[in-house]
Amino acid sequence: AKPQHRVTVPEFWMGKFPITQAQYKAIVGRNPSRFKGDRRPVEYVSWHDAVEFCHKLSAKTGKQYRLPSEAEWEYACRAGTTTPFHFGQTLTDKLANYDAIYSYNNSPVGHYRKQTTDVGSFPANAFGLKDMHGNVWEWCLDHWHDSYNGAPSDGSAWIKNTKDGYAEYRITRGGSWSGDPRVCRSAYRYYFSPANRYLYNGFRVLCVAPRT
């Protein structure tokens, strides 16, 4: 989306991986995922499910957990880079889990796994975060807006209602196992209804840094 805009993001702690099925079951008591595996990312979770998980995790630990804002997610994904992917100009099936039948920037055609993979199976970015490209789409706090005109500059979630008919939709980032490399780019953004569940949607959590 355009226009590009400068954002100042306060300190936060981001989960190294998307929330796994084992973690989700430990907090919520069930595992809705279609591609079963304790270390696979939980999927088939709605935005509301993800928010509920954060609330329960916060209550259990006494720390403040939530979904990241879109700005926080992109900052964490890029890890200081400005290229399409934090790996560089292209993506390969050795770097992420996506539909590698498709090419981007002359990347080699690879294997389409057609399902999720264990978290942490691919290299990390410069911040030590893994699976920021592919595997599962990751829910963000923000409502969908079709441009960045009027977006916050402080890294907070943009939750104002819009006039384009998509006010109820929530942002997802990162692409998934079923997406082509274009939608896995650091800058790519998409949206889903917050009540809908899909087998390519998951999430990772952010812990708010305590004030000193």
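The values are calculated or read from the model by the stated rules, or taken from the named source; none is laboratory data. This one's a predicted model, so the numbers in the text were calculated from it and none came from an experiment. Cβ: placed from backbone, ideal geometry, glycine included. Neighbour counts: every protein chain shown. Please note that ligands, DNA and RNA were not included when accessible areas were found on the heavy atoms of the full protein model with its side chains. Shrake-Rupley method; radii C 1.70, N 1.55, O 1.52, S 1.80 Å.
Applying the selection to the stretch 66-83, what residues are open to solvent by less than 30 Å² (accessible area, probe 1.4 Å), part of a loop (DSSP other than H, G, I, E, B) and farther than 13 Å from THR172 by Cα?
ALA79 - this is the single residue of the stretch 66-83 that is open to solvent by less than 30 Å² (accessible area, probe 1.4 Å), part of a loop (DSSP other than H, G, I, E, B) and farther than 13 Å from THR172 by Cα.
Hey, SER147 hits all of (1) touching a helix residue (DSSP H, G or I) at 6+ places or on another chain (Cβ under 8 Å); (2) open to solvent by less than 30 Å² (accessible area, probe 1.4 Å); (3) farther than 20 Å from PHE203 by Cα but one; which does it fall short on?
(1)
When you scan the stretch 19-47, how many residues do you find that are closer than 13 Å to TYR198 by Cα and outside any loop (DSSP other than H, G, I, E, B)? If you could, list the steps in order and put the result at the bottom.
Restricting attention to the stretch 19-47, the residues satisfying the condition of being closer than 13 Å to TYR198 by Cα are 32-35, 41-47.
Going one step further and asking which of them are outside any loop (DSSP other than H, G, I, E, B), we end up with 41, 47.
Residues meeting the conditions: 2.
Can you tell which of GLY29, GLY37 is on the phi > 0 side of the Ramachandran plot, more than 13 Å from the chain's Cα centre (by Cα) and without any contact (Cβ under 8 Å) to a residue 40 or more places away in the chain?
Working: GLY37 fails: without any contact (Cβ under 8 Å) to a residue 40 or more places away in the chain.
Exactly one of GLY29, GLY37 is on the phi > 0 side of the Ramachandran plot, more than 13 Å from the chain's Cα centre (by Cα) and without any contact (Cβ under 8 Å) to a residue 40 or more places away in the chain, namely GLY29.
Do you know which of the residues in the stretch 168-209 that are among the basic types (Lys, Arg) and touching a helix residue (DSSP H, G or I) at 6+ places or on another chain (Cβ under 8 Å) is surrounded by the fewest Cβ atoms within 10 Å (Cβ to Cβ)?
The selected residue is ARG197.
In the stretch 95-125, what residues are in a strand (DSSP E or B) and surrounded by 20 or more Cβ atoms within 10 Å (Cβ to Cβ)? Spell out the reasoning first.
Kept after step one, since they are in a strand (DSSP E or B), are these residues of the stretch 95-125: 97, 99, 112.
Hits for the stretch 95-125 are ASN97, ASP99.
So which residues in the stretch 150-167 are crowded, with 16+ Cβ neighbours inside 10 Å, modelled with pLDDT of 80 or more and out of contact with any strand residue (DSSP E or B) (no Cβ under 7 Å at 6 or more places or on another chain), if there are any at all?
Across the stretch 150-167, the qualifying residues are ALA151, SER156.
Taking interchain pairs and intrachain pairs at least six residues apart, which have beta carbon atoms under 9 angstrom, with the first residue in the stretch 44-59 and touching a residue at least 60 places away in the same chain (Cβ under 8 Å) and the second of a type in the set (Phe, Trp, Tyr) and assigned to a helix (DSSP H, G or I)?
That search, which allows pairs on different chains as well, returns VAL45/TYR24; VAL45/PHE53; ASP49/TYR24; PHE53/TYR24.
Can you name every residue in the stretch 79-95 that is in contact (Cβ under 8 Å) with a residue 60 or more places away in the chain and under 24 Å from ASP118 (Cβ atoms)? I'd like the intermediate steps shown before the answer.
First, pick out the residues of the stretch 79-95 that are in contact (Cβ under 8 Å) with a residue 60 or more places away in the chain: 81, 83-86, 90-91.
Passing the criteria: PHE85, HIS86, THR90, LEU91.
To keep it simple, each residue is scored yes or no on (1) over 30 Å from GLU52 (Cα atoms); (2) not basic (Lys, Arg).
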residue	(1), (2)
GLU72	no, yes
ARG78	no, no
ASN97	no, yes
PRO108	yes, yes
THR116	no, yes
HIS133	no, yes
VAL136	no, yes
TRP139	no, yes
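Being closer than 16 Å to ILE19 by Cα, of a type in the set (Gly, Ala, Ser) and surrounded by 21 or more Cβ atoms within 10 Å (Cβ to Cβ) narrows it down to one residue among GLY128, GLY134; which is it?
GLY134
Pairs needed: first member in the stretch 105-120, at positive phi; second member anywhere, open to solvent by 60 Å² or more (accessible area, probe 1.4 Å) and small (Gly, Ala, Ser); C-beta distance under 9 Å; at least 6 residues apart or different chains.
none
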